[in-house]
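Participant: One structure coming up, written as structure tokens, with questions to follow.
Here, each number is a calculation from the coordinates, and none is a lab measurement. From a predicted model like this one, the values you see are computed outputs, not experimental measurements. Note that we place each Cβ from the backbone using ideal geometry, even for glycine, and neighbour counts take in every protein chain shown.
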Amino acid sequence: MIGKLNHVAIAVPNLVAAAAIYRDALGGNVSPPVDQPDHGVTVAFVELPNTKVELLQPLGDNSPIQGFLDKNPSGGMHHMCFEVEDILVARDRLVSEGARVLGNGEPKIGAHDKPVLFLHPKDFSGTLIELEQA
Ligand code: CO
């Protein structure tokens, strides 16, 4: 069911510093940062030949990644995102297998203007999983 790895997301306390190290030390192709107030994050993408790294810095008072950074002050891997063909088919299969979908269980429009869902990390070896309809 899962397809391509769309991105790996890293929560960072300082997006400018994180973007600089990906660009200057790793030689990555890093996009300019974009504020996404609806998602409570500022995002920059590192474009790789086969996938992306998404650098996330909290934006505003109720950022969904602030708690993660409180526990991991220097940053860390926050989630990874797999593409699926049909997000509702994927959700129904996951629920029937006992996996927990976060929030109200309905897809939201994600950072790439496509429907996304998040799955409970306790059901996936301690890793928050995002599904995005490709
Ligand atoms: Co993501």
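Participant: I want the antiparallel fraction of DSSP beta bridges within the chain, as a percent rounded to 5. Please list the in-between numbers first.
Facilitator: On the way: 25 of 36 bridges.
Around 70 percent antiparallel, to the nearest 5.
Participant: Same structure, new question: Given only helices, namely DSSP H runs of n ≥ 4 each adding -39500 (n - 2.57), what is the per-residue ellipticity at 222 nm of the chain, to the nearest 500 deg cm²/dmol? Working shown, then result.
Facilitator: Details: 3 runs with 22 residues, N = 134.
Counting only the DSSP helices, I get -4000 deg cm²/dmol.
Participant: Then there is this: Which is the longest run of the chain containing none of the GluC sites (Glu not before Pro) found in DSSP loop states (not H, G, I, E, B) with at most 13 other C-beta atoms within 10 Å? Before the final figure, lay out the partial values.
Facilitator: On the way: sites that count: GLU85, GLU97.
For GluC sites (Glu not before Pro) (loop position, at most 13 other Cβ atoms within 10 Å), the longest site-free span of the chain is 1-84.
Participant: Using R₀ = 35 Å, calculate the FRET efficiency as 1/(1 + (r/R₀)^6) where r is the Cβ-Cβ separation of VAL89 and SER125; round to 0.05. Could you put the intermediate results ahead of the total?
Facilitator: Working: r = 23 Å, r/R0 = 0.66.
Plugging the Cβ-Cβ distance into 1/(1 + (r/R0)^6) gives 0.95.
Participant: Return the sequence-ordered ³J(HN,Hα) values of the range 79-92 in whole Hz as given by the Karplus equation 6.51 cos²θ - 1.76 cosθ + 1.60 applied to θ = phi - 60°, using x for Gly and Pro.
Facilitator: Result, rounded to whole Hz: 7, 10, 10, 9, 7, 10, 6, 9, 6, 6, 4, 4, 4, 5.
Participant: Please go through the range 1-77 and write out the trypsin sites (Lys or Arg not before Pro) that DSSP classes as loop and that have at most 14 other C-beta atoms within 10 Å.
Facilitator: Numbers: sites: LYS4, ARG23, LYS52, LYS71; in loops: LYS4.
Passing sites in the range 1-77 are LYS4.
Participant: Give me the one-decimal Kirkwood hydrodynamic radius in Å for the range 2-133, with the sum taken over alpha-carbon pairs. Walk me through the numbers on the way to the answer.
Facilitator: Values: mean 1/r = 0.0654 Å⁻¹.
Hydrodynamic radius (Kirkwood, Cα only) of the range 2-133 equals 15.3 Å.
Participant: Just to be sure I understand the model, the point goes 7 Å from the Cα along the line to the Cβ. What's the resulting VAL8 to ARG100 distance in nm?
Facilitator: The answer from the label model is 2.6 nm.
Participant: Quick one: which of LYS4/LYS52; LYS71/LYS114; LYS71/LYS108 span more than 19 angstrom between C-alpha atoms?
Facilitator: On the way: LYS4/LYS52 11 Å; LYS71/LYS114 29 Å; LYS71/LYS108 26 Å.
Checking Cα-Cα distances, LYS71/LYS114; LYS71/LYS108 exceed 19 Å.
Participant: Run the simple label-point estimate for ASN50 and ASN62 please: 7 Å along Cα→C-beta, distance reported in nm.
Facilitator: Placing both labels 7 Å along Cα→Cβ, they lie 4.0 nm apart.
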